[in-house]
Amino acid sequence: MPASYAYLGPEGTFTEVALRTLPESATRELVPMVSVPAALDAVRNGEAEAAFVPIENSVEGGITTTLDELVAGEPLMIYREVLLSITFALLVRPGTKLSEIKTVTAHPAAQPQVRNWLKAHLPDAVWESAASNADGARLVQEGRYDAAFAGEFAAARYGLEALETNIHDAENAQTRFVLVGRPARPAAPTGADKTSVVLWQRDDHPGGLRDLLGEFAVRGVNLMLLQSRPTGEGIGNYCFCIDAEGHISDRRVAEALMGLKRICLQVRFLGSYPRADITAADARVPSTGTSDDEFMAAADWVARCQDGRF
């Protein structure tokens with residue numbers, strides 16, 4: 001397998017900045033790709049060891065392109081996550097004035113994060129989406145658009161200047177990125193982990209989603225993300241992307257997944273991996289009755305009852 005990481009390019013994206021915070025990135029060839037699907041396909045095709053892509057932001061939630069790519073196609077697995085605080089700069093060709101800007105561009109996920117700023121400062125500007133924020137900067141450099149929302153660090157890379165900086169509608173906005181590879185044994189639990197799965201119901205019925213969530217709730221497993229995605233099989237047909245606290249080796253998580261496997265049409269395991277927001281010292285203590293020791297004690301009691309040793 002090539003010692004390379006594919007990522008959403010071109011050079012100068014927030015994705016690249018987040019990727020370079022991983023220590024192992026210094027020992028890999030970093031290969032920019034034109035889109036999230038292209039980055040993930042590079043892993044599926046054996047052209048890259050792993051792909052690094054955005055999956056969620058704190059303003060709009062899950063990034064649907066990434067979620068849909070993980071839901072469909074050959075299975076992949078998440079191994080790491082990175083959180084990056086996001087603020088935008090308005091990048092223009094040198095000498096451009098704010099009053100001269102008629103067209104702006106950026107990745108679609110950027111628009112909800114700068115919508116109010118646009119309304120206040122460029123109410124008549126026409127928005128066009130780009131494959132990435134850095135690609136938007138490249139298109140401004142080529143004269144296709146008047147301005148792009150991107151990281152201020154991308155200005156020098158594309159010969160632009162930051163006309164405005166520190167642009168954001170929501171304070172403390174963050175984007176979550178994930179390192180995705182081919183399926184293998186998950187890393188050992190750290191005590192502050194996250195498990196991601198995709199669930200498909202057997203049929204549509206009243207309380208169907210409650211049944212799925214109940215498998216987590218009765219075992220004290222907290223959910224961190226729940227997002228429905230269409231299956232492509234008609235209106236009203238959805239699967240559910242879920243992030244849950246804990247590691248698949250935790251008894252409460254493992255038993256929840258076993259329960260889901262029994263009642264779901266399909267369960268796709270997307271990985272158990274360290275959380276980026278907390279350490280083990282700050283992790284939430286499992287509620288009473290849901291620790292591994294308590295699960296083991298309960299299993300031992302059942303075994304003793306079966307043997308007539310109660």
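Inspect the stretch 177-200 for any residue being polar (S, T, N, Q) and touching a Cys at 6+ places or on another chain (Cβ under 6 Å) and give the result as yes or no. The answer is no, given that none of the residues of the stretch 177-200 is polar (S, T, N, Q) and touching a Cys at 6+ places or on another chain (Cβ under 6 Å).
Restricting attention to the stretch 228-268, the residues that are within 14 Å of residue 193 (Cβ to Cβ) and surrounded by fewer than 17 Cβ atoms within 10 Å (Cβ to Cβ) total 1. Among the residues of this structure, residue 171 counts as one that is open to solvent by 40 Å² or more (accessible area, probe 1.4 Å), modelled with pLDDT under 95 and over 18 Å from residue 35 (Cα atoms). The residue that is farthest from residue 222 (Cα to Cα), among those in the stretch 281-310 that are outside any loop (DSSP other than H, G, I, E, B) and open to solvent by 70 Å² or more (accessible area, probe 1.4 Å), is 306.
I'd like the full set of residues that are touching a residue at least 40 places away in the same chain (Cβ under 8 Å) and surrounded by fewer than 16 Cβ atoms within 10 Å (Cβ to Cβ), limited to the stretch 212-226. Matches in the stretch 212-226: 222 only. Quick one: which residue in 115, 80 is within 30 Å of residue 185 (Cβ to Cβ) and either at pLDDT below 95 or surrounded by fewer than 21 Cβ atoms within 10 Å (Cβ to Cβ) (or both)? Selected residue: 80, the only one of 115, 80 that is within 30 Å of residue 185 (Cβ to Cβ) and either at pLDDT below 95 or surrounded by fewer than 21 Cβ atoms within 10 Å (Cβ to Cβ) (or both).
Summed over the stretch 232-271, the residues that are polar (S, T, N, Q) and within 21 Å of residue 78 (Cα to Cα) give a count of 2. Screening residue 194 on (1) touching a His at 6+ places or on another chain (Cβ under 9 Å); (2) part of a strand (DSSP E or B); (3) under 18 Å from residue 114 (Cβ atoms) shows it passes everything except condition (3). Only one entry of 214, 143, 220, 207 meets the criterion of being farther than 23 Å from residue 84 by Cα and touching a Pro at 6+ places or on another chain (Cβ under 9 Å), and that entry is 220. Restricting attention to the stretch 153-161, does a residue exist that is open to solvent by 20 Å² or more (accessible area, probe 1.4 Å), hydrophobic (A, V, I, L, M, F, W, C), part of a helix (DSSP H, G or I) and closer than 21 Å to residue 7 by Cβ? Yes, the stretch 153-161 contains a residue that is open to solvent by 20 Å² or more (accessible area, probe 1.4 Å), hydrophobic (A, V, I, L, M, F, W, C), part of a helix (DSSP H, G or I) and closer than 21 Å to residue 7 by Cβ.
The values are calculated or read from the model by the stated rules, or taken from the named source; none is laboratory data. Quick caveat, the model's predicted, so the values are computed rather than measured. Here the Cβ is made from the backbone with ideal geometry for all residues, glycine too, and neighbour counts use every protein chain on show. The area values use the complete protein model at the heavy-atom level, side chains included, leaving out ligands, DNA and RNA. Shrake-Rupley method; radii C 1.70, N 1.55, O 1.52, S 1.80 Å.
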